[in-house]
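Visitor: Attaching a single structure in structure tokens format; questions to follow.
The values are calculated or read from the model by the stated rules, or taken from the named source; none is laboratory data. Everything quoted here is computed from the prediction, not taken from an experiment. Cβ placement follows ideal geometry from the backbone for every residue including glycine, while neighbour counts extend to all protein chains displayed. We work out accessible area using only protein heavy atoms, side chains counted, and drop any ligands, DNA or RNA first. Shrake-Rupley method; radii C 1.70, N 1.55, O 1.52, S 1.80 Å.
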Amino acid sequence: MINVAIMGHGVVGSGVAEILINHNARINERVNNEVNVKYILDLREFKGLSYSDKFIKDFNIILNDPEVKIVAEVMGGLEPAYDFVKALLLSGKSVVTSNKELVAAKGAELIKIAKEKNVNFLFEASVGGGIPVLRPLVQCLAANEVTEISGILNGTTNFILNKMIVDNMDFDAALKLAQDKGYAEKNPAADIEGHDACRKICILAALAFGKHVYPEQVETKGITDISLDDISAADSFGYVVKLIGHAKKNNNGKISAFVKPVLVSRECILSNVNGVFNAVMVTGDQTGEVVFYGKGAGKEATASAVVADIMDCVKHIDARKYLFWEDGDELYVEKDNSKSKFLVRIKSDDFSSLSDKFINIFGNDKDFIKNEFSKEISFITEEDLQENINKKLAAFENCEIKVLNILF
Ligand code: HSE
């Protein structure tokens, strides 16, 4: 018998407990062992459950119980999760987690401890919820040199943008709806400001390229300044706006990474990822593009990935699954210097001269959309570096033209 503890009985933690307890026979059969939930750590009271007798409030009971071999950390947040997980690994227990904040900040260190102690530290649920993506990346794509990863990594922002695109709902109303449906937190900052997606691209990049990428190294912009006018201008040129997490390996061995709202062509598969769904597109030198798609959040989907990691730990109780990346460093991540087209929206009260001024700066061979009512012009630039576009846009400021937004 293998004893397991669960730390946290929130949305994901309760899902993990329910799967392990309600589907115990199925799980035991598949791992050819008996998996027993011995403790559930949570400071709150949970009376009336069939497993209420398993709740404890003291972390040290788990840490000091030699019978507990595997612990699921589903509390979220950096502290106390980091201290707990580190202590558990050091004591020789395997840990699985859904905590992307923890893995993105401390992954290299925790993996190293797991390696030294010959235990497992697995975190499939930290990216893409129920979508199998980390294990396939490390195992099934192992023969590839991964060159690039792009994905819709946050369900809440994808839901909000989708409501803006399809239902013409403004940002505030779409956010409120996401909160009413339980997708967005009361404090939605981590989602709408891009930090959640940033943590996920850091984990994907570390696994794909072998070295830690810290969230503060990733250029991160959320969706809070995306307006219905931006959405509609993008649509006129055949694009949808998506919050994309992207990482790529450059020829010099360094990587570039960002999270920001991006124009996605309607022909790209990512443009059809709607609602709270996530998709991760991995480019391998042998496979070309491979896409992983599914529910990126939610109790059952995320819990299923945590339980699968527990089952993997049971199957590898005396061995270690190979999973490793090195510590990162300051010079490893560099600015993305690839050229791109940009959607620019400009406005002037002197609308009669706006087109001429626009043509003077960007040339007369460019498609643009004029809106006399709002005194705006929207256009797509040639492929160029952002700094070159910024220089051209600076010229607008000198002739009293306001740049309303630039989308990449
Ligand atoms: N808040 C996250 C999302 C959930 O909206 O995708 C899980 O990471």
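Visitor: Can we say residue 141 is away from the ligand (no atom under 15 Å from the Cβ) and under 23 Å from the mean Cα position of the chain (by Cα)?
Guide: Details: away from the ligand (no atom under 15 Å from the Cβ): yes; under 23 Å from the mean Cα position of the chain (by Cα): yes.
Yes; evaluated as a whole, the condition is true for this residue.
Visitor: Next question, about the same structure. Quick one: which of 214, 183 is open to solvent by 30 Å² or more (accessible area, probe 1.4 Å), aromatic (Phe, Trp, Tyr) and either farther than 30 Å from residue 322 by Cβ or at pLDDT below 95 (or both)?
Guide: 183
Visitor: Can you list the strands (runs of 3 or more DSSP E) lying wholly within the range 16-134 that have 3 or more residues being at pLDDT below 95 and more than 25 Å from residue 324 (Cβ to Cβ)?
Guide: Hits in the range 16-134: none.
Visitor: Just to check your reading of the model, which residue among 146, 166 is surrounded by 21 or more Cβ atoms within 10 Å (Cβ to Cβ), away from the ligand (no atom under 16 Å from the Cβ), farther than 26 Å from residue 9 by Cβ and of a type outside the set (Ser, Thr, Tyr)?
Guide: Exactly one residue qualifies, and that residue is 146.
Visitor: Same structure again: Hey, can you tell me all the residues within the range 222-239 that are closer than 30 Å to residue 331 by Cβ and surrounded by fewer than 16 Cβ atoms within 10 Å (Cβ to Cβ)?
Guide: none
Visitor: Still on this structure: Check 333, 306 and return the single one that is over 16 Å from the mean Cα position of the chain (by Cα), within 16 Å of the ligand (Cβ to nearest atom) and among the hydrophobic types (A, V, I, L, M, F, W, C).
Guide: Only one candidate qualifies: 306.
Visitor: Among the numbered conditions (1) surrounded by fewer than 23 Cβ atoms within 10 Å (Cβ to Cβ); (2) among the β-branched types (Val, Ile, Thr); (3) within 14 Å of the ligand (Cβ to nearest atom), tell me where residue 160 comes up short.
Guide: The single condition residue 160 does not satisfy is (1).
Visitor: Anything in the range 240-275 that is under 17 Å from the mean Cα position of the chain (by Cα), in a loop (DSSP other than H, G, I, E, B), at negative phi and surrounded by fewer than 21 Cβ atoms within 10 Å (Cβ to Cβ)? List them, or say none.
Guide: 274
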